[in-house]
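The structure under discussion appears below in the form of structure tokens.
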Amino acid sequence: MPTSLIGGGLALAGSIFGANKAADAAKASSKMQMDMYRQNKENLQPWMTTGGNALNQYGAAIGLNGPGAQADYYNQWQNDPYYKGIMEAGTNAIQNSALARGRGYGGNVLNDLNRYSMDLQKGAYDQRLNQLFGVSEAGRGAGSAVAGVGTTAAANAGNFNANAGYAQGAGIMGGANALTNALNTDATRQALGNFFMPSFNPV
């Protein structure tokens with residue numbers, strides 16, 4: 001076999017082998033991008049879930065989920081241990097103060113208790129709404145972060161996969177060109193030999 005064909009065959013094999021290695025590296029990079037995206041999504045999922053739950057409760061509290069859901073939310077909130085605890089502590093403080101001054105449970109004390117209850121209820125209710133909104137915003141932020149990471153990962157993975165295709169295509173094209181050149185070299189050598197050989201072998 002002519003040496004140029006051997007060289008062309010080796011060039012073809014080497015070009016395809018190198019292209020496949022480059023393509024494998026690009027595909028591995030693409031997989032790593034998507035693995036990173038999935039890990040980030042998994043890390044942020046609790047924030048998104050909690051934020052979604054907080055948003056649902058916020059909607060119930062302000063009546064977006066219907067009057068029944070709003071009534072259920074209000075009843076549950078009134079039984080909240082934090083709210084009940086501060087209500088009980090404040091009520092006891094007013095009553096104990098009145099008893100200590102010898103005023104018993106007269107009209108002024110009842111007015112103080114009523115005013116305290118209403119002020120506390122409004123303040124605590126507004127505080128809870130602000131808490132729910134804040135948690136829902138944290139969930140929205142986590143969702144936005146996942147969307148951003150996903151968009152970047154998808155773009156990078158697409159580029160890496162495209163590079164893998166380019167590498168394989170270039171390797172096949174380069175190998176084919178090397179083999180074609182080898183074949184052309186042998187054909188040219190044979191044609192020149194056929195032309196000049198009779199002059200060296202006179203009849």
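Table for the structure above
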quantity	calculated
Boolean, residue 161 is part of a helix (DSSP H, G or I), out of contact with any strand residue (DSSP E or B) (no Cβ under 9 Å at 6 or more places or on another chain) and at pLDDT 65 or above	no
Pairs, first free of Cβ contacts under 8 Å to residues at least 24 places away in the same chain in region 45-58, second outside any helix (DSSP H, G or I), C-beta under 9 Å, six or more apart	56/65
Complete set of residues in region 144-154 that are buried (at least 17 other Cβ atoms within 10 Å of the Cβ) and within 8 Å of the chain's Cα centre (by Cα)	146, 149
Among (1) at pLDDT below 80; (2) more than 24 Å from residue 42 (Cα to Cα) - the single one residue 113 does not satisfy	(1)
Output for region 82-110, where each listed residue is among the β-branched types (Val, Ile, Thr) and at pLDDT 80 or above	86, 91, 94
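The values are calculated or read from the model by the stated rules, or taken from the named source; none is laboratory data. Everything numeric here is computed off the predicted structure, so don't read it as measured data. A quick note on method: Cβ atoms are made from the backbone with ideal geometry, for glycine too, and the neighbour counts reach across all protein chains shown.
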